[in-house]
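Taking it in order: structure first as structure tokens, then the write-up.
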Amino acid sequence: MKKKTPKDRPNRQTVSRAPPANQELAAERTGYRLRGLQGRLIDSIGSAIVTGQYEPGEYLPADRELCARYKASRPTIREVIRILEAKGLVQTRQKTGTCVNPSRLWSLVDPDVLGWFDVNTLSDDLLRDLVELRQIIEPSAAKFAAGRATLSDISGIEKAYEAMAAATTDMSSYARADAAFHLSIFAASHNALLWNLSHVVSGLLRLSFELSQETLNDSDNTVGGDLVGHRDVLEAISRGDGADAEAAMLKVVLNGKAALARRSRR
């Protein structure tokens, strides 16, 4: 099928329901930075909970001790606890203090909570769930992008792919470009809910990508093979072939599932 021309492609400059896909914009969705003293406290205490420094059922130090430890005011500490409570990490009990919740109550789709995990602190079951979520939503995003992407959108996806190709010897840079590639496709789907879902699952994407990168350069999961899969997605979107884009993206995501199986056997 021939590549769509500007005449063939629908004009979405005035009706776009999601931001244009470019690498810089998509990269903003790969993580949420907590700023200021309050942000640093949320990050420090939240990370300590997720990594097991505070176990479920254990109480956090009293407000007075947290104030002294972090050189923060009591209102600041209380606001930090309120935010952690909203993320499902803790609950405040009258007269007893702030207790760490069981992990099943944590908001696992919260980008901050997922940002405090790494692939070494996640169970295989949860990693499987993350890959399966991608399996559900990303092929559809690619299909919609094939039918709706503007030339500017496609240029953003191409730039992310080129960044991947230029970073095959630097897995950290490769993973960032990989995330930008996928998030650019979410934006190019021009579906506002999918775009906002991409923000919610940005932490899921990061963990899934980290998992995939762990096994890149193995004999059965090379960087070259990974690039070919992403190129197939890009080419299908560029020529407006929704079925091929959906199938190619599913194949890319299933490679992540295969990486999970390899990790489980280690």
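Observations on the model:
- Count - residues of segment 53-94 that are in a loop (DSSP other than H, G, I, E, B) and under 22 Å from the mean Cα position of the chain (by Cα): 3
- Selection within segment 92-112 - of a type outside the set (D, E, K, R) and without any contact (Cβ under 8 Å) to a residue 12 or more places away in the chain: THR92, GLN94
- Residues that are buried (at least 17 other Cβ atoms within 10 Å of the Cβ), among the charged types (D, E, K, R) and at pLDDT 95 or above, drawn from segment 210-246: ASP232, ASP241, ASP244, GLU246
- Checklist (1) of a type outside the set (Asp, Glu); (2) modelled with pLDDT of 95 or more; (3) surrounded by 16 or more Cβ atoms within 10 Å (Cβ to Cβ) applied to ALA27, failing item: (2)
Yes or no, residue by residue, for (1) of a type outside the set (Asp, Glu); (2) farther than 24 Å from GLU58 by Cβ; (3) surrounded by 18 or more Cβ atoms within 10 Å (Cβ to Cβ):
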residue: CYS99; (1), (2), (3): yes, no, no
residue: PRO102; (1), (2), (3): yes, no, no
residue: LEU114; (1), (2), (3): yes, no, yes
residue: LEU122; (1), (2), (3): yes, no, yes
residue: GLU138; (1), (2), (3): no, yes, yes
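- Meets criteria (of a type in the set (S, T, N, Q), at pLDDT below 95 and either more than 15 Å from ALA141 (Cα to Cα) or out of contact with any Gly (no Cβ under 6 Å at 6 or more places or on another chain) (or both)) for SER189: no
- Residue within segment 95-104 that is in the same structural domain as ILE42 (by TED's automatic domain parsing), farther than 18 Å from LEU37 by Cα and in a helix (DSSP H, G or I) present: yes
- Within segment 129-142, no residue that is under 12 Å from LYS251 (Cβ atoms) and free of Cβ contacts under 8 Å to residues at least 24 places away in the same chain sits with its Cβ atom under 7 Å from a residue that is surrounded by 18 or more Cβ atoms within 10 Å (Cβ to Cβ) and not acidic (Asp, Glu) at 6+ positions apart or across chains.
- Within segment 192-208, the set of residues being modelled with pLDDT of 80 or more and touching a His at 6+ places or on another chain (Cβ under 9 Å) comprises just one member, SER198.
- Within segment 153-205, the set of residues being outside any helix (DSSP H, G or I) and on the phi < 0 side of the Ramachandran plot comprises ALA166, ALA167, THR168, THR169, ASP170, SER189, ASN191, VAL201.
- Count of residues meeting criterion [at pLDDT below 85, farther than 20 Å from VAL253 by Cβ and not in a helix (DSSP H, G or I)] in segment 113-122: 3
- Selection status of GLY88, surrounded by 14 or more Cβ atoms within 10 Å (Cβ to Cβ) and at positive phi: yes
- Test: residue in segment 170-177 that is at pLDDT 90 or above and within 22 Å of ASP118 (Cα to Cα): yes
- Checked against the criteria, ALA261 counts as at pLDDT below 70 and assigned to a helix (DSSP H, G or I).
The values are calculated or read from the model by the stated rules, or taken from the named source; none is laboratory data. This is a predicted model, so every value here is computed, not measured. FYI the Cβ positions are ideal-geometry reconstructions off the backbone, even for glycines, and counts take in every protein chain you see.
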